[in-house]
Amino acid sequence: MNELVRFALTAYYPRVDDLPGLAELGVDEKIQRLRRESTLLFWTGIVAASVAFQIAPLLTLRRPLLASWLSEEELDRHAHEMATHPAYLVRQVTFLIKLVGGIFWGQSPEVRASLELAPYPEDPGTRRLEAFVPQQGPLPGAPTDKLVALGKKERERGRDKDRGKGLHA
C-alpha cells in the first residue's frame, strides 16, 4: 500500500528545476509515520485515492493503462487532468493526495530553503491539547520571488486554462 501512496504523492510534486521533488525528500519515512499516526478512515481514504489515481488514465487520457505505466509527460498530464476534471468527486480524490503530498513537500527544510523561507521548528512529536493555542507570530507579508517565478512557469504551461469555469472556487 505504501508504494501506491508514494507513487500518487510523488506524481504531484516532481522536481522542477532546482526545486526538489517529493521523491527526493525522504517521503517513505513520512508515509510510514502518517500510516502509524493517522486514523484508519484517513489512511483508507489515502489508499483509495491512490488506487483511483492508478486506474484513472482511462478517464483522463482515454487510455487503458495504469498511471505507473505512463511516461513522465503523460503522468504530468494525467495528474493535471485529475486536478481540473469537471467531476467534483474526481477533483476530491486529487485534493486528498495533494493535501498530504503538499504537507510533506512544504514542511521539508530543503524546499523551504530553496524558496527562501525559514525552516519549521523541530516537531515535538506531541499533540497540542490546550484550549487555546497561541499563534507563532506574524506571517510573511509577500511571496518570495522564487514562488512568483514558479507560479509564472505554471501559467506558461497552461495550468491556469480552467480559470473562470468554476473549478477553482
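The values are calculated or read from the model by the stated rules, or taken from the named source; none is laboratory data. The structure displayed is predicted, hence computed values, not measured ones. Cβ coordinates were reconstructed from backbone atoms using ideal geometry, including for glycine residues, and neighbour counts include every protein chain displayed.
Of all the residues in segment 70-103, those that are among the hydroxyl-bearing types (S, T, Y) and farther than 16 Å from L58 by Cα number 1. Are any residues in segment 65-78 at pLDDT below 95 and either surrounded by 16 or more Cβ atoms within 10 Å (Cβ to Cβ) or of a type in the set (V, I, T) (or both), and if so, which ones? Matches in segment 65-78: none. If you go through segment 32-48 and pick out every residue that is among the aromatic types (F, W, Y) and surrounded by 15 or more Cβ atoms within 10 Å (Cβ to Cβ), you end up with 1. Is it the case that segment 55-73 has a residue that's in a loop (DSSP other than H, G, I, E, B), in contact (Cβ under 8 Å) with a residue 12 or more places away in the chain and within 28 Å of P143 (Cβ to Cβ)? No.
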